Amino acid sequence: MAYDKHAAERVRKVLSDTPDLSEQTVMGALTFLVGGTMCCGVTGEDLMVRVGSAAYDSALAEPHVQPMEIGRGRRPRGFIRVAPAGYGTDTALAQWVARGVAFASALPRK
């Protein structure tokens, strides 16, 4: 599945001052990595955010959020998808991206 280039550009803008940032395309999605660890990305029109296992259930309880599904219905715990309505404002996008960056930054560098 291709990713929404406008959404990707918005995420890039939010992450523009993030140190040790890189990008990687995986199965048609664009992922953003901090210190070699994925923090967020764009798949189709949805925002992917790595929130971690501890914050997974509370993130799923928020509006416009679903579990991330990969492959044959696998749902990796700790990864969520946010529909465009959930990150439509710059503030909402920045908050979701910040959650992903905070989680990835707390992990050991790769």
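The values are calculated or read from the model by the stated rules, or taken from the named source; none is laboratory data. Remember, predicted model here, so these are calculated numbers, not experimental data. Neighbour counts are summed over all protein chains in view; Cβ atoms, including those assigned to glycine, are modelled from backbone coordinates with ideal geometry. The area values use the complete protein model at the heavy-atom level, side chains included, leaving out ligands, DNA and RNA. Shrake-Rupley method; radii C 1.70, N 1.55, O 1.52, S 1.80 Å.
General remarks:
- Number of the condition not met by GLN24 [criteria: (1) modelled with pLDDT of 95 or more; (2) under 13 Å from the mean Cα position of the chain (by Cα); (3) surrounded by 13 or more Cβ atoms within 10 Å (Cβ to Cβ); (4) not aromatic (Phe, Trp, Tyr)]: (3)
- Check on ARG99, assigned to a helix (DSSP H, G or I), at negative phi, of a type in the set (D, E, K, R) and in contact (Cβ under 8 Å) with a residue 40 or more places away in the chain: yes
- Pairs are defined by a Cβ separation below 6 Å, a sequence spacing of at least 6 or placement on different chains, a first member in the range 4-32 that is over 22 Å from THR89 (Cβ atoms), and a second member that is part of a strand (DSSP E or B) and of a type in the set (Ser, Thr, Tyr); the pairs so defined are GLN24/THR31; ALA29/TYR3; ALA29/THR43.
- Every residue from the range 36-70 that is within 11 Å of the chain's Cα centre (by Cα), of a type in the set (A, V, I, L, M) and part of a strand (DSSP E or B): MET38, VAL42, LEU47, MET48, VAL49
- Among the residues of the range 71-96, those that are touching a Phe, Trp or Tyr at 6+ places or on another chain (Cβ under 8 Å) and either open to solvent by 50 Å² or more (accessible area, probe 1.4 Å) or in a helix (DSSP H, G or I) (or both) comprise ARG77, GLY86, LEU93, TRP96.
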